[in-house]
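Accompanying notes for the structure given below.
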Amino acid sequence: MGNGENHESLVGKSTLRSDTIEKSAGETVFSDDFDMPRKIWGGVLRSPVANSRIVKLDTRKAEALEGVHAVLTAWDIPGTNLRGNLLGARDDQPVLAEKSVRAAGDPVALVAADTRELVQEALNLIRFDWEKLPLVLDPAKAMEPGSLQVDERGNVIGHFGYERGDVDAGFRRSAAVVEETFQTQSVDHAYMETESGVAWVDASDVIHIRCGTQMIENFRFIARILAVPHNQVRIECPYVGGGFGGKIMMTIEPFLALLAKAAGRPVQMSLSREESILSSTKRHPYTMHYKAGADAEGRLIAWKVDIVGDAGAYTELSAVLCKYSMVQASGPYRCENTKVDMRMVLTHNPVGTAMRGVGSPQITFAIEGVMDTLSEKLGMDPFAFRKKNYLSKGEALATGQPLKREVRLAETAERARRTLDDSLPSNGGGESPGSGFRKPLRARGFASNMTGYGRYGTVADASVSLQLDGSAVVAAGAPDLGSGQEGGYRQVAAQVLGLPLEKITLHLSDSQTTPLVGMTAGSRQFLNTGATIERAAGPIADALKKEAAKLLEAREEDIVLSGGKAHVRAMPERSVNHAQIAAACAASGVYLSNTGRLVIPPEPYPGYESAHEAGWVDYVFGAAAADVSVDPDTGEVTVNGLGICHDVGTAVNPQTVLGQFEGGAVFGMGLAILEDCAVADGRVEAHDFAQYLLATAMDVPEIGTAIVESGEGAGPFGARGVGEPPNNTPAGAIANAVSNAIGVRVTSLPITPEKVVRALRGGEWPK
């Protein structure tokens, strides 16, 4: 099969992304930019309160309003009034509320009208009366016997764990023991493009939905809701203006489909920022109790971990993510005695779902805080302590899963710290001036992490077709979230076929015309789509070499595909171009089109028969280092610099990899010191980005980056998934740096000035 051998390799080159100029010029068409003749607008009536009984829902005045084409409630849904869920998780979220609501922002009714203003007028005319019911907002209390049940099937929707060795005996043998509780906050996905899209019904009665999504396979859930066959629903996904996990499950797709079907007109919908913040899913808040023990030589000998995640009002993906968090709960460290208990619990808070890192940033914050505190208690350098306990290739995680590929934790930690030195020469750049009363306290910290990618049980397909003029068409169902996946896929095809990049046309994300590859999430799509493209292109490359060997009267094994030609190895003057080969293949009846398939079956491993359900195919290992200044008078934290380094296996496009590193660093910094979806009575208090604080250009520090390439990733050419790892380490590194600066640890995120001042005052709130 074709192995991608090229005279001039494209792998490892920083090629210009195909979308760069278009996006920079503001010419890219996103979901909200798509226009259609006879288009009308859609809107949603949402509950302003959590957990309440619907007393009255009267739509008659809205229906009578001129220019209104459809008003729908739960009773108008032709099929199943459930949104659907993945991987067998509990399906408990209605499309439209029927008799009650669980969460603030729950949809109650839909309207389609001629203008956006008319939609709002019609929504205001719907009489919606409710009766407030008791709330359960604390996941710990939600687990207590006799607690109010958010769902009649119980509040604990995910409970996974494992135990290895004798944990209690390990603590008795420990020379130092640390025990601490850490908390992380609810975080909004804060998409640049809010939930947007358009839907219409064509002449064949097929419902088209064009929207920003991370999974076009949601068409199956739409079909179930509309009570139509799967082939009557088509989801087309343009570029997505931000997903980060929040657009895996459906957002507005069912609303668009229902309204377009009922109104008989194209319907467009775009949520305001306020509506998006109110109704969208969030990163799970975690409460993490860690106890760790080490012997006098600095070897970890006991971990005990208890984690409770707040799932919010519906299951969504929380039960699945509970398994993923469990696997990472003991971090990238070896420990002979480990016990982990991980639970996801329903409350009446905003719904939790996947978000960049799937639980890893929260857990890394806790683990790395423990590692720093334990090293201090032992009187050891924090890096030397970690280095003694880092996992290595051939060892197994605490779950029993063997690490089959390279683990370069020490190298990534060293490089991350070094890049910080390089980006902040002489430790002097970017320091906050402080309040002017006392000199800012300044220190550094770092954190290590492992992040999984590639899911067991995956089946993915892609197609490649070589045209008669020597160009190629590639098709796969992976949505492009804006991180450069498209360019990577084109590089894979071009490398295997020996074509210039400009000769590759790529079609993505159409549920009826592109092969399905699963969701773009979990840093898995370069593995999924890249591998299927490689497998589809390989036999075509073999056929080209075979035919070229005939034309050039050479041995097949001596043929090299490069630059749109086939030449004899070491004799580039003896060549034929791809168009000539394609013509010869056509004359000989050789078919130059192929579909590639990737299948990743479940892989049980010794000692934990069901752990394969939670593990990943492979892991990315890396680190972040942070330099911070803390104003001792105000508590303000300034991040002066971040250093990011991960072993990416192979950097197919280094420019794209570094872009992910830098974006992830800023993402993680927001979690550390700024972002917080404060909730009152189950409702998010923020309405916009003036109240919900994101990192701006004024906050972004110097970011140093370094790439380690072991060449041992599970993806094409030995690549690893890098979309999430850079986001997972900064919060832990920043928290450790703050602790080193002020001499006391802040154990909850975000690290706000109030929390810092409280810590400096020995736990008392500032007067």
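Taking the Cα centre of the stretch 517-600 as reference, the dipole from Cβ charges on Lys and Arg (+1) and Asp and Glu (-1) amounts to some 200 debye. For GluC sites (Glu not before Pro), the sites in the stretch 475-553 that DSSP calls loop and that have at most 15 other Cβ atoms within 10 Å are GLU553. Cβ crowding within 10 Å ranks VAL459, VAL496, VAL68, VAL101 as VAL459, VAL68, VAL101, VAL496, fewest other Cβ atoms first. Based on the Cβ-Cβ distance from ASP151 to ALA587, what FRET efficiency comes out when R0 is 60 Å, to the nearest 0.05? My answer for the efficiency is 0.40.
Of the DSSP H helices in the chain, those that are both long (alpha-carbon extent of 27 Å or more along the helix axis) and hydrophobic (Kyte-Doolittle mean at least 0.0) are 525-552, 654-673. For the stretch 72-128, a simple Cβ point-charge model (Lys and Arg +1, Asp and Glu -1, everything else neutral) yields a dipole of about 220 debye relative to the Cα centre.
Net charge in the neighbourhood of VAL345 (other residues with Cβ under 10 Å of its Cβ; Lys, Arg +1, Asp, Glu -1) is 0. Three principal axis extents describe the C-alpha atoms of the chain; from largest down they are 84, 74, 54 Å. From least to most packed, judged by other beta carbons within 10 angstrom and beginning with the fewest, HIS567, HIS289 follow the order HIS289, HIS567. Taking a sphere under 14 Å around the Cβ of HIS69 and counting the other residues whose Cβ falls inside, with K and R at +1 and D and E at -1, yields a net charge of 0. Counting 0.36 nm for each residue step from ASN231 to ARG438 and taking away their Cα separation leaves a gain of 67.7 nm. Scattering from the stretch 60-141 was approximated by placing one identical point on each alpha carbon and applying the Debye formula without solvent; log10 I(q)/I(0) at 0.23, 0.26 1/Å stands at -1.15, -1.27.
A P(r) calculated from all alpha carbon pairs of the stretch 240-335, with 10 Å bins opening at zero, reads 11, 30, 24, 16, 11, 5, 2, 0 percent. The three principal axes of the Cα atoms in the stretch 569-682 give end-to-end lengths of 80, 46, 34 Å, sorted in falling order. Ranking PRO654, ALA686, ALA697 by how far each Cα lies toward the positive end of the dipole of the stretch 570-711 (charges on Cβ) leaves PRO654 at the top.
Find which of GLN149, VAL228, ALA175 sits farthest along the positive direction of the dipole of the stretch 137-233, computed with +1 on the beta-carbon of Lys and Arg, -1 on that of Asp and Glu, about the Cα centre. Farthest towards the positive pole: VAL228. Dipole orientation for the stretch 1-152: of the candidates GLY26, ALA112, LEU45, LEU45 has the Cα lying most toward the positive pole (charges on Cβ; Lys, Arg +1; Asp, Glu -1). Estimated at 0.36 nm per residue, the fully extended path between SER18 and GLN655 surpasses their Cα-Cα distance by 228.0 nm.
Could you sort out which of LYS13/LYS545; LYS291/LYS387; LYS304/LYS439; LYS282/LYS304 sit more than 31 Å apart by Cα distance in this structure? Check vs 31 Å cut-off fails for LYS304/LYS439. Mean residue ellipticity, 222 nm, helices only, the chain: the sum of -39500 (n - 2.57) across DSSP H runs of n ≥ 4, divided by residue count and rounded to 500, is -8000 deg cm²/dmol. Excluding same-chain neighbours fewer than eight residues apart, the lysines reachable from LYS56 by a Cα-Cα span under 28 Å are LYS99, LYS132, LYS261. Would you list which lysines come within 19 Å of LYS546, measuring only between C-alpha atoms, while excluding same-chain residues fewer than 8 positions from it? Result set, ordered by chain and number: LYS565.
Between beta-carbons, use under 15 Å as the cut-off and find the net charge around ARG283, counting Lys and Arg +1, Asp and Glu -1. After counting each charged neighbour, the total is -3. The order of THR213, THR532, THR419, THR28, going from fewest to most other C-beta atoms within 10 Å of their C-beta, is THR28, THR419, THR532, THR213. About its Cα centre, the chain has a charge dipole of approximately 940 debye under the convention of +1 per Lys or Arg Cβ and -1 per Asp or Glu Cβ, with nothing else charged.
Just so you know, all these numbers are worked out from the coordinates, no wet-lab data involved. Keep in mind the model is a prediction, meaning the values are calculated, not measured. Don't worry about glycine lacking a Cβ; one is built from the backbone with ideal geometry, like all the others, and counts go over all protein chains shown.
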